[in-house]
Amino acid sequence: MASVSKYVRNQQRQKLVKEKEHLLKDSKKKLANACKRSQYIKIIENINNKLKATNLSADQIKNLKHELNIYEKKVNEIPELSYSEIWNLQFEMNKIGKELCRTRVRNRCSIPTCARPRGILTRFGLCRNHVREFACKGELPGNIYKVSW
Ligand SMILES: [Zn+2]
């Protein structure tokens, strides 16, 4: 049945995502930090250029130097990455590929012959039809009431 193969594929994908997700998170964080670092360095350059101007009041100079201190601290907190390291990180992320993107995992009913993609109750991991079926038989744990108004 088609739905069974979909169910199996979905399960495999979920497993892979769980295994490799932390790798993706780490490399994403590192890349984002590298971006931030280059931005801060640009800002520092800008401030230095402003400081070179002669017609500045004492207050302006004070403020600019205060800003400089803040950004230099931020830059020092982030470890430096060489270009080759950034390349390697991007290469790894490409290898992991879009198949393992979390958003491509679809919640499905955990009854293999059903595998309904919509109307899932995440608390039970079942579709609405099966929740109703099992709840009526009393096979779901906990106090489950039928709501009507
Ligand atoms: Zn179902």
Taking springs between alpha-carbon atoms closer than 10 angstrom, which of S57, S38, S110 fluctuates most in the Gaussian network model of the chain?
-> S57
Least to most buried among F124, F134, F91 (fewest other Cβ within 10 Å first) = F91, F134, F124
Longest span of the chain, sites excluded, free of trypsin sites (Lys or Arg not before Pro) in DSSP loop with at most 10 other C-beta atoms within 10 Å?
-> 1-117
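Please identify every one of the GluC sites (Glu not before Pro) in segment 5-113 that sits in a loop by DSSP and has no more than 14 other beta carbons within 10 Å of its own beta carbon. Don't skip to the answer; put the middle values down first.
Values: sites: E19, E21, E45, E67, E72, E77, E80, E85, E92, E99; in loops: E80.
Sites meeting the loop and neighbour criteria: E80.
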Considering only the other residues whose Cβ falls under 15 Å of the Cβ of I144, what net charge follows from Lys and Arg at +1 and Asp and Glu at -1?
-> +3
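Taking the Cα centre of the chain as origin, work out the dipole magnitude from +1 charges on Lys and Arg Cβ and -1 charges on Asp and Glu Cβ, in debye rounded to 20.
On the way: 32 positive and 14 negative charges, 172 e Å.
Dipole of the chain, to the nearest 20 debye: 820 debye.
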Once the in-chain neighbours fewer than 8 apart are removed, the lysines whose Cα is under 27 Å from K30 read K15, K18, K20, K42, K73, K74, K95, K98
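Computed from the coordinates by the stated procedures, all read-outs in this text should not be read as laboratory data. Just so it is clear, the structure is predicted and the values come from calculations on it, not from any experiment. Here the Cβ is made from the backbone with ideal geometry for all residues, glycine too, and neighbour counts use every protein chain on show.
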